[in-house]
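FYI, it's all coordinate maths here, none of it is from the lab. These figures come from a predicted structure and were not determined experimentally. Neighbour counts are summed over all protein chains in view; Cβ atoms, including those assigned to glycine, are modelled from backbone coordinates with ideal geometry.
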Amino acid sequence: MTDYPALRKTVAALVAGETDEIAKMATLACEIYHADDRFDWVGFYRVTGPELLKIGPYQGGHGCLTIPFSRGVCGAAARTGKTQLVADVDAFPDHIACASSTRSEIVLPVFVRGRLIAVLDIDSDRPDAFTETDAAALAEILAETFDAA
C-alpha cells in the first residue's frame, strides 16, 4: 500500500516554489507511479479546449492522446468535477480501453483556484485496486500541489 504521508512530503519538497503546472504534473506522475506496485499507469490528461482532454505527463505505457469530456472514466471526472473510483473498468459504461491490461481505475479532477485544468488518471492491472483512502489522500496531494500555485 502507498505510504501517503511520505509521498505527500516528497512531492511537497520537490515542487516547492515551482509555478509551472506541467512540471508539477511530470513530478507527480513519476512519484505516484513509483509509490505503489498497484499503479500500472499514472498520468494527467490536460484540459486543452472546450470539453476536451489531451495527454499530459505520464508514467507507464502509451495512453490515449485525446479524450472528450463525454467519454470514459477521465471524461466523467472532467465533466462532473468529481473523483471516479472504478473497481471494474469493464463494467463502466463507455470505458475507453487505452491499455488492455487495465482492470480498475481512479481518476481525480485537478483544480487551480477553482478552475479545472486536468484530471489525474491512475490505472491498475488488478481488479478493485483503489479505495476511498486512496481517493482522499490523492485529492489532498493534488490540492496542496496545484491550489498553492
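Could you sort 128-136, 32-40, 100-108, 10-18 so that the peptide with the highest average Cβ count within 10 Å comes first and the rest follow in order?
Averaged packing, sorted descending, gives the order 100-108, 32-40, 128-136, 10-18.
Run the helix sum for the chain: -39,500 (n - 2.57) per DSSP H stretch of 4+ residues, divided by residue count, reported at 222 nm to the nearest 500 deg cm²/dmol.
Rounded to the nearest 500, it is -10500 deg cm²/dmol.
Considering all projection directions equally, how large on average is the shadow of the alpha-carbon convex hull of the chain, in square nanometres?
One quarter of the hull surface, i.e. the mean projection, equals 7.6 nm².
Using 0.36 nm times the number of residues separating Asp128 and Ala16, minus their current alpha carbon distance, what extension gain do you get?
That pair, Asp128 and Ala16, stretches by 37.0 nm at full extension.
Looking only at Cβ-Cβ distances, which cysteines of the chain have no other cysteine closer than 4.7 Å?
Singleton cysteines: Cys30, Cys74.
For segment 47-60, take each phi angle, set θ = phi - 60°, evaluate the Karplus expression 6.51 cos²θ - 1.76 cosθ + 1.60, and give the result in whole Hz per residue in order, putting x for glycine and proline.
6, 10, x, x, 6, 9, 10, 10, 4, x, x, 8, 10, x
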